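Chemist: Before we start, here is the structure in question, set down as structure tokens.
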Amino acid sequence: MASLSLKHIYKVYPNGTKAVNDFNMEIEDKEFIVFVGPSGCGKSTTLRMIAGLEDISAGELMIGDLVVNDVEPKDRDIAMVFQNYALYPHMTVYENIAFGLRLRKLPKDEIHRRVTEAAEILGITEYLDKKPKEMSGGQRQRVSLGRAIVREPKVMLLDEPLSNLDAKLRTQMRSEISKLHARLNTTFIYVTHDQVEAMTMGTRIVVMKNGYVQQIDTPKNLYNYPGNKFVAGFIGTPQMNFFEGTLLKKGEEVEIKFAYSDAVITVPYSMLYKTRPSYLDGKTTVYIGLRAEDISLDPEKVKNSNAVVKVRISHKEELGSETLVYGDINMSGDGYSESSTRVIIKDESDRDFKPGEVVDVALDMEHVHMYDKETEVSILPRIPEYNYLPCSVKGGVLSVLTANIKLPPAISCPDGDGEMLIPTDAITLGNGNDAKVVSCEEINGKYLAELLVGERRLYAVVPQAIQPGNVSFKFDIKKISILRDGKEIISPMNEMVDLDGMFLKEKYVGEQEVNGKKKKVKAVRFDYEIGGAKFTADDETSQKLITVMGLKNAFTTALVFECSVYDFIVGDSGIPATVEDIVDYGSEKFVRCSTPCGTVMIYADKDYSGKIYISPDFTKTGIIEKDRDIRII
Ligand code: ADP
């Protein structure tokens, strides 16, 4: 039983392949985590790093309370099950299961107890005297599970354990492994390329692609709220239908036009409250995603639906429990080839369709998904990143929602109308403008409040659940953007400062007392050099830098030191800086200085002028290896 913590984990193979990029996850005790994604996405590499079979290039891996980056696999309290069983052919099942325990020199009766108990759990007691070759694939995999169970590990790692089995056995073993997890009360991490396996077994699933985590969520949330088009297409069979289309806001309605067809429907604007208004211009192409079960051929549903389009049926697939009807919303489309007009419908009506027949279908727009055409990221996110509001500026006064706000000196905005972006996490409740709380929803541990200010919706990520009713709110003015004609004329203040620097090994001659006499000794110490200034690097960080970059490259590799504007110390030494001006956001002031590393902004606890020296607070500073883009600290 153990929790795991993966922080900024990277794997770069010696040939330069970056197999895993910035993997972050907290795994709770007893979870059943599945890593899923197409071949080569980095799931086995991640698992093997957890097992200790592969070095971690950068990042921190904890099992329980212990950092295990440098702990030998055998000392990590994990057990691993592989696809190819890896059984010893000359040993009996009993000996195979007992082998690891014998190596660890456990008492004979303890070994016997564990082996018979595991065999019992796995239903292989009667095979204990048999050799692996006398057993089927499923039975062999049970033996290899048995070998893992008897170690009583804190974490069970399973790498595609069912891939060698036929479909029927796979289904059966799937539920056996789930049962085993429930019985053992151990944390499981399971790797598979099969999304059905992932969906049926995982308490949470990590979807990966090209070495990057795409989404971490429960099976249900992955299915209902895929955050990008890749996840939407990867999870669920048949694959989600993706159409291209445009959205045009007309008052309180939005007209959705499907490209390459005559299909047009209208939905209430309320369904698209979370979408950035610029997507609703009738010109920007987006992907519209609908699952096969969210499209209906049922005449009753079609009659009652406001979202009906015509489909030319091409063929159907009888799958026993369900029927898939294929067609096209483009009347000259063939319905066979994947395209942005082909449609797959789960049909419950059991009707017969003639190839070429044109029918009306109802789209369940409550379950629609939409993605940006370029980034493929959802434009209907569960937690929107920004609020997009019309605003106007006149004589340094910003009018937005019901408020007129005198802009602080740091924001000098020419008069005119525009679009203002307020990050949903830049809104705080208390002393400010009046609003009504419409709802508050918990989403993956965060609380999203929907506020009504006059007629306008506003979304805010709040620290705890709030009840419907009246509230007061304000927003952090330094985090807003203002756009005019699509161009950003006011940008949010960047709260992070990047400083270029190096890691240095310095030889020096120090003094040491030997037998009461002072002696000169040669010693080395590690420093950072940033903007011509040197700072002492602590031992732990130095060790990490050397481990990640290698002794050969550690002192010649370009680094970026990443520090918040709030985490600088002004003193008598450090990076020389000349104060250029004070950036005044009203309630907070910052100093803009020129330094050998370029312009740097720091928080001003008092007035500064002239020449000063600034030092990052290294306890809060991130360190990134520049060229390979690896976060080391
Ligand atoms: P998955 O388990 O998702 O199929 P892997 O973790 O095995 O993917 O591999 C991720 C990437 O790393 C792939 O591009 C693969 O080719 C590469 N890779 C895996 N092992 C090595 C290795 N020993 N040396 C170099 N590249 C490797």
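Chemist: How many residues does the range 615-633 hold that are in a helix (DSSP H, G or I) and open to solvent by less than 60 Å² (accessible area, probe 1.4 Å)?
Modeler: 1
Chemist: Take the residues in the range 296-331 that are part of a strand (DSSP E or B) and touching a Phe, Trp or Tyr at 6+ places or on another chain (Cβ under 6 Å); name whichever of them is surrounded by the most Cβ atoms within 10 Å (Cβ to Cβ).
Modeler: Residue satisfying both the conditions and the ranking: 313.
Chemist: Moving on. Within the range 1-18, which residues are hydroxyl-bearing (Ser, Thr, Tyr) and near the ligand (Cβ under 9 Å from one of its atoms)?
Modeler: 13, 17
Chemist: Suppose we filter 565, 548 for residues that are open to solvent by 20 Å² or more (accessible area, probe 1.4 Å) and within 34 Å of the chain's Cα centre (by Cα); which single one remains?
Modeler: 548
Chemist: Select from the range 439-475 the residues that are more than 21 Å from residue 405 (Cβ to Cβ) and more than 29 Å from the chain's Cα centre (by Cα) and write down the one among them that is most open to solvent (accessible area, probe 1.4 Å).
Modeler: The extreme case among them is 467.
Chemist: Which of the following residues is exposed (fewer than 12 other Cβ atoms within 10 Å of the Cβ) and in the same structural domain as residue 530 (by TED's automatic domain parsing): 595, 599?
Modeler: So the residue among 595, 599 that is exposed (fewer than 12 other Cβ atoms within 10 Å of the Cβ) and in the same structural domain as residue 530 (by TED's automatic domain parsing) is 599.
Chemist: Only one residue in 412, 392 is hydroxyl-bearing (Ser, Thr, Tyr), part of a strand (DSSP E or B), under 22 Å from residue 484 (Cβ atoms) and over 31 Å from the mean Cα position of the chain (by Cα), so which one is that?
Modeler: After ruling out the rest, the residue left standing is 392.
Chemist: Scan the range 1-18 for residues that are under 23 Å from residue 158 (Cβ atoms), in a strand (DSSP E or B) and of a type in the set (A, V, I, L, M) and jot them down.
Modeler: Selection gives 4, 6, 9.
Chemist: Residue pairs, Cβ under 8 Å, 6 or more apart or interchain, first in the range 406-434 and of a type in the set (A, V, I, L, M), second assigned to a helix (DSSP H, G or I) and surrounded by 13 or more Cβ atoms within 10 Å (Cβ to Cβ). List them.
Modeler: Pairs found: 407/477; 410/478; 411/477; 422/479; 426/479.
Chemist: On to the next question. Give me a count of the residues in the range 476-495 that are in contact (Cβ under 8 Å) with a residue 60 or more places away in the chain and either open to solvent by 20 Å² or more (accessible area, probe 1.4 Å) or of a type in the set (A, V, I, L, M, F, W, C) (or both).
Modeler: Going through the range 476-495 one residue at a time, the tally reaches 12.
Chemist: Something else now. Inspect all residues belonging to the range 488-511 and state whether any of them is of a type in the set (D, E, K, R) and either in contact with a helix residue (DSSP H, G or I) (Cβ under 7 Å, 6 or more places away or on another chain) or closer than 30 Å to residue 396 by Cα (or both).
Modeler: Checked against the condition, which is being of a type in the set (D, E, K, R) and either in contact with a helix residue (DSSP H, G or I) (Cβ under 7 Å, 6 or more places away or on another chain) or closer than 30 Å to residue 396 by Cα (or both), the range 488-511 yields at least one hit.
Chemist: Any residue at all in the range 252-264 that's charged (D, E, K, R), open to solvent by less than 10 Å² (accessible area, probe 1.4 Å) and touching a residue at least 24 places away in the same chain (Cβ under 8 Å)?
Modeler: No, every residue in the range 252-264 fails to be charged (D, E, K, R), open to solvent by less than 10 Å² (accessible area, probe 1.4 Å) and touching a residue at least 24 places away in the same chain (Cβ under 8 Å).
Chemist: From the residues in the range 24-34 that are under 20 Å from residue 81 (Cα atoms) and surrounded by 15 or more Cβ atoms within 10 Å (Cβ to Cβ), which one is farthest from the ligand (Cβ to nearest atom)?
Modeler: 30
Quick grid of which residues meet (1) without any contact (Cβ under 8 Å) to a residue 60 or more places away in the chain; (2) farther than 30 Å from residue 12 by Cβ; (3) not acidic (Asp, Glu):
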| residue | (1), (2), (3) |
| --- | --- |
| 538 | no, no, no |
| 549 | no, no, yes |
| 556 | yes, no, yes |
| 559 | no, no, yes |
| 567 | yes, no, no |
| 577 | yes, yes, yes |
| 580 | yes, yes, no |
| 584 | no, yes, no |
| 588 | no, yes, no |
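Chemist: Enumerate the pairs (first residue in the range 188-201 and of a type in the set (Ser, Thr, Tyr); second residue anywhere and open to solvent by less than 20 Å² (accessible area, probe 1.4 Å) and within 14 Å of the ligand (Cβ to nearest atom)) with beta-carbon separation below 6 Å, excluding pairs fewer than 6 apart on the same chain, so at least 6 apart or on different chains.
Modeler: 190/34; 190/158; 192/36; 192/198
Chemist: Name the residues in the range 119-131 that are open to solvent by less than 60 Å² (accessible area, probe 1.4 Å), in a helix (DSSP H, G or I) and at pLDDT below 90, would you?
Modeler: Within the range 119-131, 121, 122 meet the criteria.
Chemist: If you go through the range 58-74 one residue at a time, do you hit one that is among the small types (Gly, Ala, Ser), touching a His at 6+ places or on another chain (Cβ under 6 Å) and not assigned by TED's automatic domain parsing to the domain that holds residue 550?
Modeler: yes
Chemist: While we're on this one: For the condition within 16 Å of the ligand (Cβ to nearest atom) and either open to solvent by 40 Å² or more (accessible area, probe 1.4 Å) or in a helix (DSSP H, G or I) (or both), what is the one hit in 21, 96, 84?
Modeler: Just one listed residue meets the conditions, 84.
Here's the yes/no breakdown for (1) touching a Ser or Thr at 6+ places or on another chain (Cβ under 9 Å); (2) more than 19 Å from residue 225 (Cα to Cα); (3) at pLDDT 95 or above; (4) surrounded by 13 or more Cβ atoms within 10 Å (Cβ to Cβ):
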{"residue": "352", "(1), (2), (3), (4)": "no, yes, no, no"}
{"residue": "377", "(1), (2), (3), (4)": "no, no, yes, yes"}
{"residue": "387", "(1), (2), (3), (4)": "yes, yes, yes, yes"}
{"residue": "422", "(1), (2), (3), (4)": "yes, yes, yes, yes"}
{"residue": "426", "(1), (2), (3), (4)": "no, yes, yes, yes"}
{"residue": "433", "(1), (2), (3), (4)": "yes, yes, no, yes"}
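Chemist: Taking the range 35-81 as the region of interest, how many residues are open to solvent by less than 20 Å² (accessible area, probe 1.4 Å), more than 16 Å from the ligand (Cβ to nearest atom) and assigned to a loop (DSSP other than H, G, I, E, B)?
Modeler: 2
Chemist: Say whether the condition of being part of a loop (DSSP other than H, G, I, E, B), aliphatic (A, V, I, L, M) and over 30 Å from residue 279 (Cα atoms) is met by at least one residue in the range 487-506.
Modeler: no
Chemist: Mind listing whichever residues of the range 265-284 are in a strand (DSSP E or B) and open to solvent by 50 Å² or more (accessible area, probe 1.4 Å)?
Modeler: Matches in the range 265-284: 266, 268, 281.
Chemist: If you don't mind, there's one more thing I want to ask. From 140, 147, grab the single residue that is crowded, with 16+ Cβ neighbours inside 10 Å, in the same structural domain as residue 43 (by TED's automatic domain parsing) and within 15 Å of residue 184 (Cα to Cα).
Modeler: 147
Chemist: May I ask you to say which residue of 99, 32 is assigned by TED's automatic domain parsing to the domain that holds residue 154 and in contact with a His (Cβ under 7 Å, 6 or more places away or on another chain)?
Modeler: 32
Chemist: Further question: Considering only the range 191-240, state which residues are of a type in the set (Val, Ile, Thr) and open to solvent by 30 Å² or more (accessible area, probe 1.4 Å).
Modeler: Listed by number, the residues that qualify are 196, 200, 203, 213, 216, 218, 237.
The values are calculated or read from the model by the stated rules, or taken from the named source; none is laboratory data. All of these numbers come straight from a predicted model, not from anything done at the bench. No Cβ is skipped: glycine too gets one built from the backbone with ideal geometry, and neighbour counts run over all protein chains shown. Ligands, DNA and RNA are stripped out before the accessible areas are found, and what is left, the full protein with its side chains, is counted by its heavy atoms. Shrake-Rupley method; radii C 1.70, N 1.55, O 1.52, S 1.80 Å.
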